[in-house]
């Protein structure tokens, strides 16, 4: 396995697809549940059913995605090809996801679920391929961490831009079309086009950058990984299993905060327009956090940086539950949360790449495509649990669109936004802190041994 030095252009631009990806998925993350209940006017029961079923489907797509990436090769590369295959499909399916077609609630829900399913499969293929490139472009831990950190910066930059433009754009499109639902559909199309353009940049700059020979036409000639080996790459990879389990709770915390944000500003703070201010401030801070992720992880190690960041987020959220019922107190504490949240993201991607090295060292099999696709598992598990907890929490709080605010509603939604996520972050720290045993030194030693084996 030959060590290579990536150019500054590749290091800085290969993660640009994540900028567009963030713009794209944030529409769903922040506004879909509210769209279903407050704009499409699905009943709370139907909306909860949609959110839960789509989250289950989302999770089912994970092994399918990994299997397709390992089994299919195209002339543009085993991984790169999905960057231009998936995004066009995502655009049109996303528009239907933000729709309510027909007078029948059951039919309208069925169309939304089908559109979500198609969009998400295409999305997962593009995203998994993009993540796999972090492992595929370099054998160097330092370069992989830099690549992951750049992805984190683009994710944070996407969050900033989204925070500034999303709500005004959606509002403008709703007024321009004279239809709230159509306004959301048009916004979904526009963000989908942006997503495709950004992935195309990643597709362009990563040509010929594979250390495994998977970035071009040569990939079509490579032996396909057997399905049984894919299964082994997961279940005979303890560090991967621990990482997936721990990070599922971290994503649950993040997704619950995102989904509950709309309701928090409506009910607890009684100031929905201020949500844009909150998003802009916290996302700028998140970008700063992502910029510090690489030097912090380099200095202290990926595992300590990941653990401590989650602990600080947990403490800030507990304080937010008690002191976050005014706008600026809430924003101040959320600044802390979002700074450290963006430190965890690059650490996670780099740690996942380490589990690729571990499995190849242990088994002699390079299963990076399938293993890196496992980054989607915590996302999907977190989304499933988010949907269930959000629906149950809103019902327990007595929330219904247009109803008068009660003390029970304020406390319940504040718990959804702050207290529950803090508990889930505590679980993340416990599981990962106890169960994950790989160090940066061990990975370096494993990488050297793999290189020696291949040199023989």
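The values are calculated or read from the model by the stated rules, or taken from the named source; none is laboratory data. Remember, predicted model here, so these are calculated numbers, not experimental data. We place every Cβ from the backbone using ideal geometry, glycine too, and count neighbours over all the protein chains shown.
For the reader, a short list of remarks on this structure follows.
- Helices (runs of 4 or more DSSP H) wholly inside region 336-436 containing at least 1 residues that are closer than 30 Å to residue 45 by Cα: 376-397, 407-414, 420-435
- The number of residues in region 57-75 being surrounded by fewer than 20 Cβ atoms within 10 Å (Cβ to Cβ) and either part of a loop (DSSP other than H, G, I, E, B) or at pLDDT below 85 (or both) comes to 8.
- Residue check for residue 135: part of a helix (DSSP H, G or I), modelled with pLDDT under 85 and closer than 20 Å to residue 284 by Cβ: no
- Members of region 42-54 found to be surrounded by fewer than 22 Cβ atoms within 10 Å (Cβ to Cβ) and touching a residue at least 60 places away in the same chain (Cβ under 8 Å), listed by number: 42, 43, 44, 46, 48, 49, 52, 53
- Condition check for residue 42: over 20 Å from the mean Cα position of the chain (by Cα), over 20 Å from residue 388 (Cα atoms) and either assigned to a helix (DSSP H, G or I) or at pLDDT 90 or above (or both): no
- Among the residues of region 109-134, just one is out of contact with any helix residue (DSSP H, G or I) (no Cβ under 7 Å at 6 or more places or on another chain) and buried (at least 20 other Cβ atoms within 10 Å of the Cβ), namely 133.
- Applying the criterion of being part of a helix (DSSP H, G or I) and in contact (Cβ under 8 Å) with a residue 40 or more places away in the chain to the residues of region 323-335, the residue that is surrounded by the most Cβ atoms within 10 Å (Cβ to Cβ) is 334.
- Test for residue 451: is it over 30 Å from residue 350 (Cβ atoms) and assigned to a helix (DSSP H, G or I): no
- Residue 439 vs. criteria modelled with pLDDT under 90 and crowded, with 21+ Cβ neighbours inside 10 Å: no
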